[in-house]
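Below: the structure, in structure tokens.
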Amino acid sequence: MAKAPPAKKSVGGGMMGFFIIMLIVMGAYSITPIRDGIAQVADIFLGPFFSIFGGENHSWLIVILVLSALTGLYSSLLQKYTIDYEKMQVQQQKTKDFQKVFREAQLSGDEKAINKLSERRAKLMEDQMEMSQEQFKPMGWIMIITVPIWIWLYWTIGNFPAGAVPTITFPYWGELALSDPTALFLPAWIIWYMICSLSLSQVIRKGLNIGGI
């Protein structure tokens, strides 16, 4: 008796889970009591950063630098151990080789080869979708850990007395309070966090020998 083919995983499952988490995060961020509650719980663990560095201008930049390094580290570790990068590289090479062969068949006008390759392309696209789904696996955990840090920073910096908000100096923009909006319509502290996170993440990912997403 022939065995039934194994059930295929839902390609949209990972993406749907990610978007559900994003909706929950957006809801938590937009509802003040929930947002403040998350910030107060996070303050139990992150408050020592404030105490250690004393809230001085240059010290708060270091606080954000350290937090961005921590988020970059655990994000990279989660990705390293939940995503099969070797399989991803194999799939990318298969796609590259297929595109080259398919292009050659098109240029030569070989209809028989084109039809045969078209059937293969459908399977290749299915495999690519599955690999795309794999990339969403760690995103939920990353957001669950990262968002409270963002909310804590927003809450803490927002609670500074008027005129006492730490400042940062950017090229062209000059000196800004961390809570001030920038030309990119984001508060200055988020821009600094993104600069630190993107730079440090590249170093961490290279050290862990994992590819980009």
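Which one of these is surrounded by 15 or more Cβ atoms within 10 Å (Cβ to Cβ), within 30 Å of residue 46 (Cα to Cα) and not aromatic (Phe, Trp, Tyr): 88, 131, 139? Outline the logic, then answer.
Details: 88 fails: within 30 Å of residue 46 (Cα to Cα); 131 fails: within 30 Å of residue 46 (Cα to Cα).
One residue alone meets the criteria, 139.
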* **Unique residue being open to solvent by 40 Å² or more (accessible area, probe 1.4 Å), β-branched (Val, Ile, Thr) and within 24 Å of residue 74 (Cα to Cα) when the list is 203, 147** => 203
* Asked: Restricted to the range 91-108, and to residues that are under 33 Å from the mean Cα position of the chain (by Cα), open to solvent by 80 Å² or more (accessible area, probe 1.4 Å) and of a type in the set (D, E, K, R), which residue is modelled with the lowest pLDDT?
  -> 94
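Based on this model, can you work out whether residue 157 counts as of a type in the set (A, V, I, L, M, F, W, C), part of a helix (DSSP H, G or I) and within 18 Å of the chain's Cα centre (by Cα)? If you could, list the steps in order and put the result at the bottom.
Numbers: of a type in the set (A, V, I, L, M, F, W, C): yes; part of a helix (DSSP H, G or I): yes; within 18 Å of the chain's Cα centre (by Cα): no.
Here the answer is no, as residue 157 does not meet what is asked.
Search the range 68-114 for residues being among the β-branched types (Val, Ile, Thr) and assigned to a helix (DSSP H, G or I), and hand back the single one that is farthest from residue 128 (Cα to Cα).
Taking the range 68-114 as the starting set, the residues that turn out to be among the β-branched types (Val, Ile, Thr) are 71, 82-83, 90, 95, 101, 114.
Now drop any that are not assigned to a helix (DSSP H, G or I), which leaves 71, 82, 90, 95, 101, 114.
Details: 71: 28, 82: 17, 90: 11, 95: 9, 101: 18, 114: 20 Å.
Selected residue: 71.
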* Asked: Has the range 75-83 got any residue that is modelled with pLDDT of 85 or more, hydroxyl-bearing (Ser, Thr, Tyr) and closer than 30 Å to residue 158 by Cα?
  -> yes
* Structure fact -> When the range 158-176 is checked residue by residue, the ones that are in contact (Cβ under 8 Å) with a residue 40 or more places away in the chain and crowded, with 19+ Cβ neighbours inside 10 Å are 166, 168
* To do: Would you check if residue 117 is in a helix (DSSP H, G or I), open to solvent by less than 100 Å² (accessible area, probe 1.4 Å) and under 19 Å from residue 178 (Cβ atoms)?
  => no
* Complete set of residues in the range 45-58 that are at pLDDT 85 or above and open to solvent by less than 30 Å² (accessible area, probe 1.4 Å) -> 46
* With respect to residue 65, is the statement that it is assigned to a helix (DSSP H, G or I), open to solvent by 30 Å² or more (accessible area, probe 1.4 Å) and touching a Cys at 6+ places or on another chain (Cβ under 8 Å) true? -> yes
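The values are calculated or read from the model by the stated rules, or taken from the named source; none is laboratory data. These figures come from a predicted structure and were not determined experimentally. Glycine also receives a Cβ, built like all others from the backbone with ideal geometry; neighbour counts cover every protein chain displayed. Ligands, DNA and RNA are excluded from the accessible area calculation, which covers all protein heavy atoms including side chains. Shrake-Rupley method; radii C 1.70, N 1.55, O 1.52, S 1.80 Å.
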